[in-house]
1. For the range 13-36, give me the residue count where each residue is over 11 Å from Gly48 (Cα atoms) and either assigned to a loop (DSSP other than H, G, I, E, B) or not assigned by TED's automatic domain parsing to the domain that holds Phe47 (or both).
2. Consider only pairs whose beta carbons are under 7 Å apart and that are at least six residues apart or on different chains; among these, list those whose first residue lies in the range 9-26 and is at negative phi and whose second residue is among the acidic types (Asp, Glu) and surrounded by 14 or more Cβ atoms within 10 Å (Cβ to Cβ).
3. If you go through the range 12-29 one residue at a time, do you hit one that is in contact with a Ser or Thr (Cβ under 9 Å, 6 or more places away or on another chain), surrounded by 13 or more Cβ atoms within 10 Å (Cβ to Cβ) and among the small types (Gly, Ala, Ser)?
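The values are calculated or read from the model by the stated rules, or taken from the named source; none is laboratory data. Note that the structure is predicted; figures quoted are calculated from it, not measured. Cβ placement follows ideal geometry from the backbone for every residue including glycine, while neighbour counts extend to all protein chains displayed.
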Amino acid sequence: LAAIYWRASNRAPAYELQDISKSLEAEGWNGQLSFLLEPGKWAEVSFGAQGIEQPISPRQAQAKPRPAKTMSRITAEEEEAKERELEAKIAEKERELQDLRRQLGDTKARARRLWEAARVEEAAAR
């Protein structure tokens, strides 16, 4: 509802936003919430003890931090993706090539039959 009010009135629901900051502070978080109170007017609400780190959630405490991907790892993953894409294209082209070879074989067989029929027809006409 607060978002609908904000959109319709073009005024921030200051009370609700302050309530959010109080809830965050009660959970041990700190920070600053900045929002556009009305067109051209910014408001800032600080909450929690400033300069103190946020608490770590149990899930974060148990999870082993994953190392950030290095540029070389990202590049290697991109190259592997290109490789898979190219292999798929090659497989598709090989199927197309087999189909073309089959068509060529059929065309050659038809041409032989037509030449044979033409020779028989010419021999009968003499």
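1. Qualifying residue count for the region: 1.
2. Note: no pairs meet the criteria.
3. yes
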